[in-house]
Amino acid sequence: MTAVHNTFIHGINSIAYHASRVSGEKVKPFVFFCLVIIEHLHHHHSIEEAFLFPALEGKLGEGTLSKNVEQHGDFVPQMEEFEVYLKDVRSGKLAYDGKDLVARMQTFTDEMVEHMSDEIKTLDAGRMRTAFTEKQLKDIDAGLMKIALKSVNFYTTMPFTVICRNPETPWFPTFPAPLKWATR
């Protein structure tokens, strides 16, 4: 989970860094990149809420991970407002302004990053190993991956993952050696 969260944080940091440097013909691809990150955050949270947290709470106890879901409510509405803004910029309804984009993004990113940090603590590996067998964890992971791979947009997921992941982190997706080398 940490690797996935770090990918999102790298993406948000990339938006913040590049927003003021983008102009002209680069605006539409940049806004598309921003929307891809938001799309993947929605995808991530929906899988957590619909599958992962209930699967884990089956052993950890009902409500054990409810704080994580409640925290989604602390930033997702602002993230959705940001998404509407991005779509308005993409359609030409609003003019692109990098400073405005960053200001709007910052309405949710601090809470989101705090949530991601808190969530890792609730999913502590030691806690998981105490409550679950290795097979149970692998079965939960297999179920999660089945849902994720069935519902993800590969045209945006792979490029987003390659661009925003930490190349030193061994995690899904497993990249072929030439791609690992090329993304370092």
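No lab work stands behind these numbers, since they all come straight from the coordinates. Values in this document were obtained by computation on a predicted structure and should not be read as measured data. Every residue, glycine as well, gets a Cβ built from its backbone with ideal geometry; the counts of neighbours run over all protein chains shown.
Annotation note: of ALA3, ALA95, the sole residue that is farther than 18 Å from SER151 by Cβ and part of a helix (DSSP H, G or I) is ALA3. Looking at GLU39, is it surrounded by fewer than 14 Cβ atoms within 10 Å (Cβ to Cβ) and either assigned to a helix (DSSP H, G or I) or out of contact with any Lys or Arg (no Cβ under 9 Å at 6 or more places or on another chain) (or both)? Judged against the criteria, GLU39 is not a match. Taking each residue of segment 50-70 that is under 12 Å from HIS115 (Cα atoms) and looking for partners that are of a type in the set (Lys, Arg) and assigned to a helix (DSSP H, G or I) with beta-carbon atoms closer than 7 Å, six or more apart or interchain, yields nothing. Picking from residues in segment 118-132 that are within 19 Å of the chain's Cα centre (by Cα) and in a helix (DSSP H, G or I), the one that is nearest to THR64 (Cα to Cα) is THR122.
Out of all the residues in segment 6-27, which are within 14 Å of GLY98 (Cβ to Cβ), part of a helix (DSSP H, G or I) and of a type outside the set (Gly, Ala, Ser)?
Correct list: ILE15, TYR17, HIS18, ARG21, LYS26, VAL27.
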